[in-house]
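Colleague: What follows is a single structure, and I will ask about it in a moment.
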Amino acid sequence: MADTVGKTITCKAAVAWEAGKDLSIEDIEVAPPQAHEVRIQIYYTGVCHTDAYTLSGKDPEGAFPIVLGHEGAGIVESVGEGVTNVKPGDTVVALYTPECKECKFCKSGKTNLCGKIRATQGKGVMPDGTSRFKARGKDLLHFMGTSTFSQYTVVADISVVAVQPDAPMDRTCLLGCGITTGYGAATITANVEEGSNVAIFGAGCVGLSVIQGAIKNKAGKIIVVDVNPTKEEWAKKFGATDFVNPTKLEGGQTIVDKLIEMTDGGCDYTFDCTGNVTVMRAALEACHKGWGQSIIIGVAAAGQEISTRPFQLVTGRVWKGCAFGGVKGRSQMKGLVSDYLDGKLKVDEFITHRETLPQINTAFEQMKAGDCIRCVVDMKNL
Ligand SMILES: NC(=O)C1=CN([C@@H]2O[C@H](COP(=O)(O)OP(=O)(O)OC[C@H]3O[C@@H](n4cnc5c(N)ncnc54)[C@H](OP(=O)(O)O)[C@@H]3O)[C@@H](O)[C@H]2O)C=CC1
Ligand SMILES: N[C@@H](CCC(=O)N[C@@H](CSC=O)C(=O)NCC(=O)O)C(=O)O
Ligand SMILES: [Zn+2]
Ligand SMILES: [Zn+2]
């Protein structure tokens, strides 16, 4: 048993004191886990665009000071009373979409959106309404129920899953969000049918993962649409059949017209992986009349709304969306890790940058530069 059990741990964390400012590396106090809570030593975390979105102040739920981060892997340090699903020493991935297996949502079989702790998670506190983090004498908020930008974090037991101990944590951390989201969106939410034509808007970590899912489901055309020309090479590397840069279309052709032309009437499935509401509209309108489905994955800023002519839906196009790809973390994460270990799911290929915790602001800058798919931050070896 670790000699830290039952005690407050002082460790390093990146704290977001206010919106729009760099993260600050602080000594923070992490209280022991209470009943049905788990304290995890985070070894590695990815940095996702959603972290940057909340830090920017554009997230309607964003509040400060907060410990961001939600793409993390680590080892369980200790557990609170009543925890049965993980134990100290387990290798785990944090789950920002929890799975309690007993709420109305979990029992419905229709969604992965567990409702058990969503209200407190959205307020940045643990299920009992309090925080486990303190720095400079102030309570810090938790983020997405995970807060992986801390060397130690506390999560609800339903927000963590044990995975294979031999799975490298500097890779499996990325299954905590981006890769799982895109892959699940294609294989679970859309459940792309064999031979169907797919268009993916935005070839970041999420969009490239949609390609992987479309290939798994034996899609026909896999067309990637991105304004960044360097993404063509990335899209082809992951198996896209076509790449279109919407800013380079000739004769005033719109991206919607181009995709309709390329697919004999429209795509069977489209995916927004940009968070841009104008793109979301184009993604819907590029769908085939009668059955085309458009899946919104991108997260849009506060105040943004989507619009289209209702006629688009009257004539059979379907607009839907998903969080975490529709994946049920506690039930399905181990399967994804197995696929990775068996060489059936690409993960290593997404890592373009690596940093250590003190350099985490550099990771945010890299993300904005456009040549970064994912930066993995080493939380242990500073
Ligand atoms: N629903 C969910 O559960 C999740 C949602 N997300 C969200 O998904 C989105 C994608 O994340 P991620 O892959 O990490 O993001 P990235 O920024 O890495 O990828 C987005 C890509 O879209 C490109 N792009 C920007 N504008 C357009 C446009 N108008 N048309 C076509 N392409 C465009 C970007 O180009 P450039 O490089 O030039 O900017 C970039 O290549 C984000 O909004 C993120 O917050 C992420 C994880 C989970
Ligand atoms: N807080 C925002 C919405 C942010 C959001 O949509 N988050 C996604 C995950 S994005 C991961 O990188 C999500 O899980 N949504 C479902 C949920 O229950 O939060 C807002 O208020 O608009
Ligand atoms: Zn994310
Ligand atoms: Zn539930």
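The values are calculated or read from the model by the stated rules, or taken from the named source; none is laboratory data. Fair warning: this is a prediction, and the values are worked out from it, not measured in the lab. Please note: Cβ atoms are built from the backbone with ideal geometry, for glycine as well, and neighbour counts cover all protein chains shown. Please note that ligands, DNA and RNA were not included when accessible areas were found on the heavy atoms of the full protein model with its side chains. Shrake-Rupley method; radii C 1.70, N 1.55, O 1.52, S 1.80 Å.
Colleague: Net charge near Thr4: determine it from the other residues with C-beta under 13 Å of the C-beta of Thr4, scoring Lys and Arg +1 and Asp and Glu -1.
Modeller: -1
Colleague: Quote the Stokes-Einstein diffusion coefficient, in whole µm² s⁻¹, for region 98-209, based on the Kirkwood radius over alpha carbon pairs, a temperature of 37 °C and a viscosity of 0.692 mPa s.
Modeller: D = 199 µm²/s.
Colleague: Over the chain, with every protein chain in place, what whole percent of the accessible area is carbon and sulfur at 1.4 Å, could you tell me?
Modeller: Numbers: 7870 of 15800 Å².
C and S atoms contribute 50 percent here.
Colleague: Would you look at the GNM of the chain, springs on alpha carbons closer than 10 Å, and say which of Thr187, Thr153, Thr241 moves the most?
Modeller: Highest fluctuation of the listed residues: Thr241.
Colleague: If you don't mind, there's one more thing I want to ask. At a threshold of 8 angstrom on Cα-Cα distance, excluding pairs fewer than six apart, so keeping six or more, what relative contact order does region 79-186 reach in percent?
Modeller: This gives 32 percent for region 79-186.
Colleague: Over the residues of region 294-382, compute the C-alpha Rg and express it relative to 2.2 N^0.38 Å. Could the numbers behind the result be given before it?
Modeller: Details: Rg = 18.5 Å, N = 89, 2.2 N^0.38 = 12.1 Å.
That ratio works out to 1.53.
Colleague: Hey, can you rank 252-264, 197-209 by average C-beta count inside 10 Å, highest first? Intermediate results must be reported in sequence, preceding the final value.
Modeller: Details: 252-264: 15.7, 197-209: 28.7.
Those peptides, ordered most packed to least, come out 197-209, 252-264.
Colleague: Take every Cα-Cα pair in region 56-110 and report what % of them are more than 16 Å apart.
Modeller: Roughly 64 percent, once rounded to a whole number.
Colleague: At 30 angstrom or more along the helix axis (alpha-carbon based) and mean Kyte-Doolittle of -0.5 or higher, what helices does the chain contain? Whole DSSP H runs only. Show your work: numbers first, answer last.
Modeller: Values: long enough: none.
Once both thresholds are applied, nothing remains.
Colleague: Let me ask something else. With a probe of 1.4 Å, find how much accessible area the chain has per residue, and write the answer as a whole number in Å². Could you put the intermediate results ahead of the total?
Modeller: Working: 15800 Å² over 382 residues.
Heavy-atom accessible area per residue stands at 41 Å².
Colleague: For a quick protection proxy, order the peptides 296-304, 107-115, 45-53 by their average other-Cβ count within 10 Å, most packed first. List each step's numbers first, then the result.
Modeller: Details: 296-304: 17.2, 107-115: 14.4, 45-53: 25.1.
Per-residue mean Cβ counts within 10 Å order the peptides as 45-53, 296-304, 107-115.
Colleague: Set Lys and Arg Cβ to +1 and Asp and Glu Cβ to -1, take the dipole of the chain about its Cα centre, and tell me which of Gly115, Thr153, Gly207 lies farthest positive.
Modeller: It is Gly115.
Colleague: Can you give the alpha-carbon Rg of the chain over 2.2 N^0.38 Å, where N counts its residues? Could you put the intermediate results ahead of the total?
Modeller: Values: Rg = 20.6 Å, N = 382, 2.2 N^0.38 = 21.1 Å.
So the Cα radius of gyration is 0.98 times the expected 2.2 N^0.38 Å.
Colleague: What residue among Cys103, Cys372, Cys177 has the largest mean-square fluctuation in a Gaussian network model of the chain, using Cα springs under 10 Å?
Modeller: Maximum among the listed residues: Cys103.
Colleague: Using a Cα-Cα cut-off of under 23 Å, which lysines could be cross-linked to Lys110, ignoring same-chain neighbours fewer than 8 residues away?
Modeller: Lys101, Lys216, Lys320, Lys328, Lys334
Colleague: Once amide H atoms are placed 1.01 Å from N in the peptide plane, what residues at a sequence separation of 5 or more from Val161, or on another chain, have their amide H within under 5 Å of its amide H?
Modeller: The answer is Val93, Leu95.
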